[in-house]
């Protein structure tokens, strides 16, 4: 087991808001944080104890990070797994590069789900010219996703006919893609869970997610689903965590159809849908992640309150120069998190609101009310 002592460094690759919230928990435990990011003004760079300003693929910079830090983790998937191999060989990288590599490639990810006996939407992997793959699609609409690099709706196209699909595949003929059946789901949910170096697993129950334009809009906890749905989704997530030897926090996203669940995708890191755990649970997803990678036992995931989280995108800042934070915070049990990003842009995640209440529906209603108040009179 690799253990970090107070005063020692945890290295984080990526300087975004997830890394910043990891650092808050690391500091609470007495650890120092060194970040690797090309942007000196990135959210984590503003609060880290040490900064390495370099590209993520800079092997010398990664080696310097590994030399400074007792353990290394990452806050997003766009990192070359091969660059991290030396750090992993010393059992100082969490989560491992196998998880990272699988999560970077949708074709590999879906094949892994199927190999582990997890149900997914019907899909077709298309790599290069393969005759006329659109003739193999059972029914439309379908969604075409680039195998690598897509997030928050990027790298995705919905096609309602063979003609549309043919056009997209011709446009992306040099890019491996997944052609996936659009699922008429009832809900989208996620399981956020953490696993420590000794194999102990804790989870935060099911979280219901609502997206807008491919970006997470609201999350609600606990998700109002049948017990069998909760059991199936949780068992799938645990199977992934165990079989892929997770150390840290991971999110697994699902489609709910009646009492059944289909796995959509996974992220081997803290997740946007888990932000509400900061206030709504005894230990947050970020606290559990830091405890796991630092070799500490995990805390309890006792839920303290129902909660809803609303993302704050840069559109709010462009609609009014300065959002009315006072009006939002006047809503009972509203908590504001701003990430410290310098330039607001449409669709850019600038912060989030979490609202606690006695029921998920009340929390959701108040979260929507609080966000609307930001741009109100």
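Observations on the model:
- Checked against the criterion of being touching a residue at least 60 places away in the same chain (Cβ under 8 Å), buried (at least 21 other Cβ atoms within 10 Å of the Cβ) and within 18 Å of the chain's Cα centre (by Cα), the range 177-190 contains one or more residues that satisfy it.
- Members of the range 204-261 that are at positive phi and touching a helix residue (DSSP H, G or I) at 6+ places or on another chain (Cβ under 6 Å): 248
- Filtered residue count, the range 331-377, keeping only those that are without any contact (Cβ under 8 Å) to a residue 60 or more places away in the chain and assigned to a loop (DSSP other than H, G, I, E, B): 13
- All positions within the range 213-227 that are more than 20 Å from residue 158 (Cα to Cα) and more than 15 Å from the chain's Cα centre (by Cα): 220, 221, 222, 223, 224, 225, 226, 227
- Any hit, the range 276-285, residues being farther than 26 Å from residue 335 by Cα and at pLDDT 95 or above: no
- Scanning the range 191-233 for residues that are free of Cβ contacts under 8 Å to residues at least 40 places away in the same chain and crowded, with 17+ Cβ neighbours inside 10 Å, we see that the one that is farthest from residue 73 (Cα to Cα) is 225.
- Qualifying position, being at pLDDT 95 or above, in the same structural domain as residue 227 (by TED's automatic domain parsing), over 19 Å from residue 222 (Cβ atoms) and crowded, with 24+ Cβ neighbours inside 10 Å, among 292, 267: 292
- Test: residue in the range 136-146 that is within 26 Å of residue 288 (Cβ to Cβ) and over 18 Å from the mean Cα position of the chain (by Cα): no
- For the range 108-121, filtered to residues that are buried (at least 18 other Cβ atoms within 10 Å of the Cβ) and touching a strand residue (DSSP E or B) at 6+ places or on another chain (Cβ under 8 Å), the residue that is nearest to residue 79 (Cα to Cα) is 109.
- Checklist (1) more than 20 Å from residue 276 (Cβ to Cβ); (2) in contact with a strand residue (DSSP E or B) (Cβ under 8 Å, 6 or more places away or on another chain); (3) modelled with pLDDT of 95 or more applied to residue 327, failing item: (2)
- Within the range 301-330, tally of residues that are surrounded by fewer than 19 Cβ atoms within 10 Å (Cβ to Cβ) and in a loop (DSSP other than H, G, I, E, B): 9
The values are calculated or read from the model by the stated rules, or taken from the named source; none is laboratory data. Please read these numbers as outputs of a predicted model, since none were measured by experiment. Heads up, the Cβs are rebuilt from the backbone with ideal geometry, glycines too, and the neighbour counts pull from every protein chain shown.
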